[in-house]
Amino acid sequence: VTPNHPDVLIIGGGPVGLGLACELGWRGVRCTVVDETRHDYNLPDSRINLANTRTLEFFRRWGFEREVRGCQFPSDFPMSIAFVTSLRGKLIGKLDYPSMGAAGEHSASPTNRQRIPQPWLDPIMRRAAAGFDSVDLRWHTRFVSLEQDADGVTATIERLEDASKETLRARYLAACDGARSSVREQLGIKLLGDQFIGMTHSIYFKSSEMWKLHDKGKAAMMMFLDEKGLWGVLNVVDGSATWRLSIVGGKEFVPADQVDAPTVLRRMMGGDFTFEIIGVYPWVRRAVVAEHFVNGRCFLVGDSAHQLTPTGGFGMNTGLGESVDLGWKLDAVLRGWGGDTLLTSYEAERQPIAQRNVREATANAKRLMSLPTFPWIDQPGLLAGFKRKILGRRFAESTRAEWESDGVVLGYRYDPSPICIPDGKPPMPDNPARYVPSARPGSRAPHAWIAPGKSTLDLFGQGFVLLDFAAANADVAALEEAAQTVGLPLRREAIANADIARLYECKLVLVRPDGHVAWRCDELDHDPAQIVDVIRGAGGLK
Ligand SMILES: Cc1cc2nc3c(=O)[nH]c(=O)nc-3n(C[C@H](O)[C@H](O)[C@H](O)COP(=O)(O)OP(=O)(O)OC[C@H]3O[C@@H](n4cnc5c(N)ncnc54)[C@H](O)[C@@H]3O)c2cc1C
């Protein structure tokens, strides 16, 4: 490894930059990550609480799924959502969801989502990235500027320890430097969308076993409403003593010191209780997507490319999807078998997914913020209680999309994509709530168990995989030969299982390194050399 000449320079070692480092490290690509924070820095605010099912599939690929799923978050903590006037006040409605322990495995995935606070997740990801030989992590180092030419990118970085500057030369640069990305700014890429949906303050506090102080029980989230509407959301952080209360604000920026946190916490409880405030952190809900994800040899990934409101928990998860899409493409081009348009297909595939996830997250936020409410919401008496019950049911139904989003999480597909070959079948309806497994080109290849503990998903990753549901035939040999000619790594996997064959619908299914289907058919419908050229970004179908 030549430390000052990595193949890929990653600016930002947040979850998305580390995810890209893991993907590249797992492939043996030499990359350097620079981050201005120290190696043991822990965010004071645990923004991320949920790693979704697709993210856990990536963690499985990179080797730390078990560590994440085995984190200390109590597996018997119910994931329910409650609507209340205060913790000691009235219950308006509730959506009961099982704890992660009781929910068990996902029927469409070899793993499942995991509640994990960011101060637990960050160190796991840092250790994992550091464990790959080809990954060089540089903490306490700030990106300053960049220049790019036909062969690479030259970046100036500054070691914050002694303010010394250094120049790194890389073939490609990935901007994983978050919402305020200075790389994006230097490249002059605009963000399109709504820069200010609403102001929020997160109050982080400690109160041990708070559920014993009221009668509403344990819930992953509690929504607080008064006669004007939703004013606060309480999130469980570590499942025992740490909590986050987010105060829903208006259209103006309000600094943290204008929030009287103790008074707000007592309002949330509906009386006094013992707590310790960790901090108050203001943030703004946005709905923006960068106009371009690719600029020459530079790529925007994660929050530098899009920012969405956390309603649904899609932020990091969307960014990690980008890390995996970009990771294998960079690898392919660096190894020489990726074609001229493979890297630009990153934008063609991922920008529409970002736009879709931003749309869903914004719709979730708007539904929550416009919950109808009434002057009797907190009143005693039978009639008010009866009306609350009806309202509670409406709340539960109208916000269900935020908690049930498997369609967003697993059902995203690259359609159209310049590097997938359509099979002429109509697309399934795009339902954000429900995931319907499909092996239609562009979709995530569906999960099925092929042996105890071994999923179809475990077959994918290091190269293309040709799933062969019929006995090997001349078509397979022709494809293998075409792949070999251009150096595209292709492995045939014979699967003699009628259920999985039905799920995949065709005799031959070609799956990309990121686990998405590139092409499928019953018998060769195109020239094999052409198929190989399309999927590696080196040409279109004639
Ligand atoms: C209240 C809240 C709750 C959320 N909950 C969830 C959730 O449950 N699930 C989920 O998926 N998402 C959630 N999100 C979104 C999530 O926090 C972001 O999407 C995610 O952090 C984006 O990761 P990133 O690596 O792209 O950016 P960041 O996490 O912002 O990381 C960027 C990194 O770049 C570094 N950096 C920046 N500039 C420079 C520079 N010039 N030089 C060197 N380093 C630099 C920073 O130090 C930082 O480490 C939530 C967000 C909020 C606000």
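Name, by its number, the condition in (1) in contact with a helix residue (DSSP H, G or I) (Cβ under 8 Å, 6 or more places away or on another chain); (2) over 21 Å from Val324 (Cα atoms) that does not hold for Phe386.
(1)
Could you check, for segment 385-403, whether at least one of its residues is closer than 22 Å to Met223 by Cα, at pLDDT 95 or above and either part of a loop (DSSP other than H, G, I, E, B) or hydroxyl-bearing (Ser, Thr, Tyr) (or both)?
no
Which members of segment 402-418 meet the condition of being closer than 20 Å to Leu466 by Cα and buried (at least 18 other Cβ atoms within 10 Å of the Cβ)? Don't jump to the end; show me each part of the working.
Going residue by residue through segment 402-418, those that are closer than 20 Å to Leu466 by Cα are 413-414, 417-418.
Across segment 402-418, the qualifying residues are Arg413, Tyr414, Ser417.
For Val29, which of the numbered conditions (1) surrounded by fewer than 20 Cβ atoms within 10 Å (Cβ to Cβ); (2) away from the ligand (no atom under 13 Å from the Cβ) fails to hold?
(1)
Conditions (1) away from the ligand (no atom under 16 Å from the Cβ); (2) surrounded by 15 or more Cβ atoms within 10 Å (Cβ to Cβ); (3) among the hydrophobic types (A, V, I, L, M, F, W, C); (4) without any contact (Cβ under 8 Å) to a residue 24 or more places away in the chain, marked per residue:
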| residue | (1), (2), (3), (4) |
| --- | --- |
| Ser134 | yes, yes, no, no |
| Leu137 | no, yes, yes, no |
| Phe143 | no, yes, yes, no |
| Leu146 | no, yes, yes, no |
| Cys176 | no, yes, yes, no |
| Arg184 | no, yes, no, no |
| Phe196 | no, no, yes, no |
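From the set of residues in segment 366-377 that are touching a Leu at 6+ places or on another chain (Cβ under 9 Å) and in a helix (DSSP H, G or I), which is nearest to Lys389 (Cα to Cα)?
Looking at the filtered set, the residue picked out is Ile377.
Are any residues in segment 324-382 among the polar types (S, T, N, Q), in contact with a Ser or Thr (Cβ under 7 Å, 6 or more places away or on another chain) and either without any contact (Cβ under 8 Å) to a residue 40 or more places away in the chain or over 28 Å from Gly25 (Cα atoms) (or both), and if so, which ones?
Hits for segment 324-382 are Thr362, Asn364.
Got a number for residues in segment 32-58 being near the ligand (Cβ under 10 Å from one of its atoms), of a type in the set (Ser, Thr, Tyr) and closer than 21 Å to His140 by Cα?
Total meeting the criteria: 3.
Going through Phe464, Phe386 one at a time, which residue ends up being among the aromatic types (Phe, Trp, Tyr) and without any contact (Cβ under 8 Å) to a residue 40 or more places away in the chain? Spell out the reasoning first.
Values: Phe464 fails: without any contact (Cβ under 8 Å) to a residue 40 or more places away in the chain.
That would be Phe386, the only listed residue that is among the aromatic types (Phe, Trp, Tyr) and without any contact (Cβ under 8 Å) to a residue 40 or more places away in the chain.
Confirm whether Gly217 is part of a loop (DSSP other than H, G, I, E, B) and within 10 Å of the ligand (Cβ to nearest atom).
Numbers: part of a loop (DSSP other than H, G, I, E, B): yes; within 10 Å of the ligand (Cβ to nearest atom): no.
Considered against the rule, which asks whether it is part of a loop (DSSP other than H, G, I, E, B) and within 10 Å of the ligand (Cβ to nearest atom), Gly217 comes out as no.
I need the strands (runs of 3 or more DSSP E) fully contained in segment 2-89, keeping only those with at least 2 residues that are not aliphatic (A, V, I, L, M). Walk me through it before giving the result.
Details: elements: 8-11, 31-34, 81-84.
In segment 2-89, the matching strands (runs of 3 or more DSSP E) lie at 31-34.
Return a yes/no flag: does segment 287-294 have any residue that is of a type in the set (Gly, Ala, Ser) and either crowded, with 19+ Cβ neighbours inside 10 Å or under 24 Å from the mean Cα position of the chain (by Cα) (or both).
Step one: of segment 287-294, the residues of a type in the set (Gly, Ala, Ser) are 287, 290.
Now restrict to residues that are either crowded, with 19+ Cβ neighbours inside 10 Å or under 24 Å from the mean Cα position of the chain (by Cα) (or both): 287, 290.
The answer is yes, given that some residue of segment 287-294 is of a type in the set (Gly, Ala, Ser) and either crowded, with 19+ Cβ neighbours inside 10 Å or under 24 Å from the mean Cα position of the chain (by Cα) (or both).
Could you say whether any residue in segment 495-516 is within 24 Å of the chain's Cα centre (by Cα), within 23 Å of Arg61 (Cβ to Cβ) and of a type in the set (Val, Ile, Thr)?
Narrowing segment 495-516 to residues within 24 Å of the chain's Cα centre (by Cα): 511-516.
Right, trim to within 23 Å of Arg61 (Cβ to Cβ) and you get 511-516.
Within this subset, residues satisfying the condition of being of a type in the set (Val, Ile, Thr) are 511.
The answer is yes, given that some residue of segment 495-516 is within 24 Å of the chain's Cα centre (by Cα), within 23 Å of Arg61 (Cβ to Cβ) and of a type in the set (Val, Ile, Thr).
The values are calculated or read from the model by the stated rules, or taken from the named source; none is laboratory data. Remember, predicted model here, so these are calculated numbers, not experimental data. A quick note on method: Cβ atoms are made from the backbone with ideal geometry, for glycine too, and the neighbour counts reach across all protein chains shown.
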